[in-house]
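Colleague: First the structure, then my questions, so here it is.
The values are calculated or read from the model by the stated rules, or taken from the named source; none is laboratory data. Small disclaimer: the values here were computed from a predicted structure and weren't measured. Because the Cβ atoms are built from the backbone with ideal geometry, glycine has one as well, and the counts that use them run over all protein chains shown. For the accessible areas, the whole protein counts, side chains as well, though only heavy atoms, and no ligand, DNA or RNA atoms are used. Shrake-Rupley method; radii C 1.70, N 1.55, O 1.52, S 1.80 Å.
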Amino acid sequence: MPEAVIHVGSGKVRELYALDADRLVLVASDRISTFDVVLPTEIPDKGKVLTGLSAFWFARTREIVPNHLLTLGDDGRSTECRRLDMLPIECVVRGYLAGSGWTDYRATGEVCGHRLPARLAEAQRLPEPIFTPATKATSGHDENIDRSAAADLVGVERLDEVERVALGLYGFASEHARGRGIILADTKLEFGADEDGRLVLADEAFTPDSSRFWPADEYAPGSSPPSFDKQFVRDYCASLGWDKTDPGPELPDDVVAGTRARYVDAFERLTGIAFDAYVDDPEVVLA
Ligand code: PZK
């Protein structure tokens with residue numbers, strides 16, 4: 001191990017450290033955010049669930065595109081990864097009309113320049129998945145952008161490549177998930193380029209923090225379906241009448257336990273691996 005590990009960044013619920021010029025360590029905490037506020041109460045093992053899920057997907061999609069994962073830590077919540085030149089766009093793929101996609105469609109009939117059929121309902125499945133890039137906001141919210149704005153940021157050739165790869169990844173993961181009772185409504189992917197300019201998948205992949213997971217047996221278009229992971233937290237926060245400004249409320253034990261169970265359930269359904277087996281030996285998700 002290097003003498004000094006340097007902290008290079010904080011996300012809302014993750015930390016990023018530099019090992020050396022070529023390698024980073026991503027650490028997923030048990031923090032949870034809702035309505036963009038990090039709550040004071042942690043969800044035990046949430047960071048392990050998200051790290052294990054990302055590693056599972058990285059292992060299974062490496063023939064679609066190479067990824068940044070080098071090694072999975074014994075603690076189950078840290079990953080050593082290749083340091084890349086990150087592309088300055090978020091690569092969002094939507095198979096269903098939710099979140100900012102639904103908001104934009106209602107206002108304009110379009111999402112990121114994709115003209116969609118008239119009279120779609122909230123959460124309705126789209127005729128085909130669409131690539132809807134967004135800017136990376138350093139503060140506030142990411143902003144959806146059209147093709148020409150995205151091409152100004154990364155170039156037309158790179159944009160064509162990430163669109164094709166992102167749609168391929170979403171197709172693979174959403175079909176896998178659908179067969180296990182989970183609808184992957186949409187997802188946010190991040191890519192970088194390696195020293196030879198090759199496209200590499202980075203960050204986290206197909207986790208509940210980067211994607212909308214809906215339980216398939218509760219799905220109905222026309223309203224926003226319950227989120228697989230955070231519904232107990234949102235319902236509890238709503239019951240308090242919290243105004244969604246920092247600080248958020250402490251969560252009671254039953255909300256913590258129910259939310260932890262949902263994360264573990266998502267992990268076990270998607271991977272087919274017992275969560276205890278992952279905690280015992282994280283590398284089981286790579287097999
Ligand atoms: C990178 N982030 C987001 C910020 C986090 C995560 N492989 C990579 N190479 C270079 N940079 C990054 C990555 C990755 N992944 C990711 N910012 C830079 C981020 C803060 C905390 F955990």
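Colleague: Please compute the contact order of the chain in relative form: average sequence separation of alpha-carbon pairs under 8 Å and at least six residues apart, divided by the residue count, as a percent.
Modeller: Numbers: 521 pairs, mean separation 63.4, N = 287.
Relative contact order here is 22 percent.
Colleague: If the cut-off is a Cα-Cα distance under 22 Å, which lysines reach Lys136, setting aside same-chain residues fewer than 8 apart in sequence?
Modeller: Lys12, Lys188
Colleague: Another question, if that's okay. Under 12 Å Cα to Cα from Lys244, which aspartates and glutamates show up? Leave out anything in the same chain fewer than 8 places away.
Modeller: Result set, ordered by chain and number: Asp36.
Colleague: Roughly how big is the chain's charge dipole about its Cα centre, with Cβ charges of +1 (Lys, Arg) and -1 (Asp, Glu), in debye to the nearest 20?
Modeller: Approximately 860 debye in magnitude.
Colleague: Given only helices, namely DSSP H runs of n ≥ 4 each adding -39500 (n - 2.57), what is the per-residue ellipticity at 222 nm of the chain, to the nearest 500 deg cm²/dmol? All intermediate terms of the calculation are to be shown ahead of the outcome.
Modeller: Details: 7 runs with 92 residues, N = 287.
-10000 deg cm²/dmol, from helical runs alone.
Colleague: Based on the Kirkwood radius over alpha-carbon pairs, what is the Stokes-Einstein translational diffusion coefficient of region 1-149 at 4 °C with 1.567 mPa s viscosity, in µm²/s?
Modeller: Taking Rh from Cα pairs, D becomes 73 µm²/s.
Colleague: Taking a probe of 1.4 Å, how large is the accessible area per residue of region 177-287, in Å²? Intermediate values should be presented prior to the final figure.
Modeller: Values: 5010 Å² over 111 residues.
Averaged over the residues of region 177-287, the accessible area is 45 Å².
Colleague: Turning to a different aspect of this structure: Applying a 10 Å radius around every beta-carbon, put 110-118, 208-216 in order of their mean neighbour count, most first. List each step's numbers first, then the result.
Modeller: On the way: 110-118: 14.9, 208-216: 20.8.
Descending mean neighbour count gives 208-216, 110-118.
Colleague: While we're looking at this one, here's another question. Hey, got the dipole for region 151-272? About the Cα centre, +1 on K and R Cβ, -1 on D and E Cβ, debye to the nearest 20?
Modeller: Result for region 151-272 is approximately 480 debye, rounded to the nearest 20.
Colleague: Ok, one more. Give the residue from Leu24, Gly99, Thr79 lying farthest towards the positive end of the charge dipole for region 1-109; charges sit on Cβ (+1 for Lys and Arg, -1 for Asp and Glu) and the dipole is referred to the Cα centre.
Modeller: About the Cα centre, the residue reaching furthest to the positive side is Gly99.
Colleague: Next question, about the same structure. Can you pull the three principal axis extents for the Cα set of the chain, in Å, largest first?
Modeller: Projected onto its principal axes, the Cα set of the chain covers 58, 50, 37 Å.
Colleague: Could you tell me what percent of the accessible area of region 1-124 is made up of carbon and sulfur, with a 1.4 Å probe and every protein chain present?
Modeller: Of the solvent-accessible surface of region 1-124, carbon and sulfur hold 50 percent.
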